[in-house]
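Laboratory data are not the source of any read-out in this text; all were calculated from the coordinates shown. No experiment lies behind these values; they were computed from the predicted model shown. Glycine also receives a Cβ, built like all others from the backbone with ideal geometry; neighbour counts cover every protein chain displayed.
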Amino acid sequence: MDSIKIQRQWLKSNFDIVDSEDTDQGKKLPQPPIQKSYEEHEEIIDLPEVNKNVIKKNDVFDCFMDRKSNRVYKEEDISLEELSFLLWATQGVKKVVGKTNFATFRTVPSGGARHPFETYLVINRVEGLKKGVYRYLALEHKLVYLFNEEAMDEKVTEASEGQKFVASAPVTFIWSCIPYRTEWRYSVAAHKTILQDSGHLCQNLYLACEAIGCGTVAIGAYNQKAMDNFLKLDGENEFVIYVAPVGKIEAK
Ligand SMILES: Cc1cc2nc3c(=O)[nH]c(=O)nc-3n(C[C@H](O)[C@H](O)[C@H](O)COP(=O)(O)O)c2cc1C
């Protein structure tokens, strides 16, 4: 098989080769945590409760019609209320089920309700937040501050293959995936599901941005190693899967 044909296998369903008794879930191995942990001493930021008041464009037809990729953003800050809405729209938890936090139901669907993602934010201009890198705690609807470093813009630009608007945006969403959350249940059939799941995150971000006067663009062209290194991820058990800068845009 040539390499294109091999890669095409990714696009095909392979659930038929997975016997549910042979998966780690089937073998009754412990389920991985549904959210990456954090330490008590870390800086935790409360997000305002999600409020529909941030929505300017209520008509869902108009949101679909006007959605497009935006790479030019205004200098204006994004408010914490707006950021809270965007995070909720992309990963917000509506319900946790099971005595041992077996699954979450969120604003986006996910194969087997595994939700294998973590959301990192590179924040430049969000009202009330210092510049730096944060992670969304979806279960608590809070942020944990991670770090800031010199030459952050240069690092993000380099990791985005020179796409400067990624680093200069008021906030950039960087989604990582922890594949074992889905592999635990679906084994080798997990990987197509994870990619399908990731599209939901970004499409919800596009539509949520459209509703509040912001714009975004899906970024698939990033340097895997550089982006993983930037976020201090091991690149094996957790790695970046998708990127999306966000900012206010000129009214149409
Ligand atoms: C998976 C994916 C990866 C993409 N990667 C990039 C990218 O790295 N840089 C970029 O400027 N646009 C990127 N885009 C945006 C596309 O160029 C854009 O969606 C396409 O041109 C259609 O335009 P529209 O979104 O305005 O309808 C990507 C879109 C998708 C769905």
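Annotations
- Residue check for Gly98: farther than 29 Å from Phe165 by Cα, touching a helix residue (DSSP H, G or I) at 6+ places or on another chain (Cβ under 6 Å), of a type outside the set (Phe, Trp, Tyr) and surrounded by fewer than 22 Cβ atoms within 10 Å (Cβ to Cβ): no
- For Thr107, the stated conditions hold: it is in contact with a Gly (Cβ under 6 Å, 6 or more places away or on another chain), surrounded by 14 or more Cβ atoms within 10 Å (Cβ to Cβ) and more than 18 Å from Tyr186 (Cβ to Cβ).
- Contacts under 9 angstrom Cβ, first residue in the range 70-88 being within 16 Å of the ligand (Cβ to nearest atom), partner among the acidic types (Asp, Glu), 6 or more apart: Val72/Glu250
- Selected residue [within 23 Å of Gly215 (Cβ to Cβ) and part of a helix (DSSP H, G or I)] from Ala189, Ala167: Ala167
- Tally, over the range 1-52, of residues that are farther than 25 Å from Arg185 by Cβ, surrounded by 10 or more Cβ atoms within 10 Å (Cβ to Cβ) and of a type in the set (Val, Ile, Thr): 3
- Set Ile178, Ile174: member being more than 16 Å from the ligand (Cβ to nearest atom) and surrounded by 22 or more Cβ atoms within 10 Å (Cβ to Cβ): Ile178
- Verdict on Ala208 being more than 14 Å from the ligand (Cβ to nearest atom), part of a helix (DSSP H, G or I), of a type in the set (A, V, I, L, M) and touching a helix residue (DSSP H, G or I) at 6+ places or on another chain (Cβ under 8 Å): yes
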